[in-house]
1. Quick check, is ALA55 without any contact (Cβ under 8 Å) to a residue 12 or more places away in the chain and among the aliphatic types (A, V, I, L, M)?
2. For a quick check of your reading of the model, give me the residue pairs whose first member lies in segment 68-82 and is of a type in the set (D, E, K, R), whose second is assigned to a helix (DSSP H, G or I), with beta-carbon atoms closer than 7 Å and at least 6 apart or on different chains.
3. Could you list all residues from segment 24-55 that are assigned to a strand (DSSP E or B) and either over 22 Å from TRP79 (Cβ atoms) or not β-branched (Val, Ile, Thr) (or both)?
4. Which residue, of TYR57, TYR42, is modelled with pLDDT of 90 or more and among the hydroxyl-bearing types (Ser, Thr, Tyr)?
5. When you look at TYR63, is it at pLDDT 85 or above and not in a helix (DSSP H, G or I), yes or no?
6. Filter segment 56-83 for residues that are open to solvent by 100 Å² or more (accessible area, probe 1.4 Å) and of a type in the set (Ser, Thr, Tyr); which is farthest from THR30 (Cα to Cα)?
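The values are calculated or read from the model by the stated rules, or taken from the named source; none is laboratory data. Model, not experiment: these values are computed from the prediction. Cβ coordinates were reconstructed from backbone atoms using ideal geometry, including for glycine residues, and neighbour counts include every protein chain displayed. For accessibility, only protein heavy atoms count, side chains too; no ligands or nucleic acids. Shrake-Rupley method; radii C 1.70, N 1.55, O 1.52, S 1.80 Å.
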Amino acid sequence: MGEPGESRRGPLKSAVPSNVVSPVRRCSRTACGRPAVATLTYVYADSTAVLGPLATYAEPHCYDLCAEHSERLTAPRGWEVVRLALDSGPPRPSGDDLEALANAVREAARPQERAAGAGGGHPGDRDTHPMEVARRGHLRVLRSPDS
């Protein structure tokens with residue numbers, strides 16, 4: 001018959017060309033290739049269909065829908081459709097995220113001895129928190145109640 005991996009028709013090839021596979025999640029509806037913008041979840045116990053923003057991870061019992069299919073969604077008779085506000089556009093870091101990142105970088109760059117000796121730089125904190133041993137930004141190291 002020939003080399004391993006060959007059939008009568010020729011060498012084995014992938015059924016799906018690699019340029020078709022995309023990291024973008026697509027609509028779950030049959031024959032729809034548009035990008036997904038919302039996730040549909042059914043709550044069978046409450047006879048409710050919940051349509052919300054695109055879930056962070058694809059779940060096996062949820063359905064990703066494109067904008068058109070999410071707008072046209074209807075539920076079976078007797079069921080309620082709960083529509084949560086959809087995000088407009090890709091998620092972007094908020095001001096809080098950026099500030100937290102900047103604070104973490106500052107704290108990591110600070111020498112350990114100075115950070116421990118300063119106690120976080122807030123005078124009077126030690127008086128109001130007798131269990132506090134050290135402080136790093138908004139985090140506190142507390143003394144064990146046993147010691």
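1. Values: without any contact (Cβ under 8 Å) to a residue 12 or more places away in the chain: no; among the aliphatic types (A, V, I, L, M): yes.
Judged against the criteria, ALA55 is not a match.
2. none
3. Filtering segment 24-55 for residues assigned to a strand (DSSP E or B) gives 26, 35, 38-43, 48-53.
Within segment 24-55, ARG26, PRO35, ALA38, LEU40, TYR42, ALA49, LEU51, GLY52, PRO53 meet the criteria.
4. Working: TYR57 fails: modelled with pLDDT of 90 or more.
TYR42 is the lone residue from the list that is modelled with pLDDT of 90 or more and among the hydroxyl-bearing types (Ser, Thr, Tyr).
5. On the way: at pLDDT 85 or above: yes; not in a helix (DSSP H, G or I): yes.
In short, yes.
6. So the residue we want is THR56.
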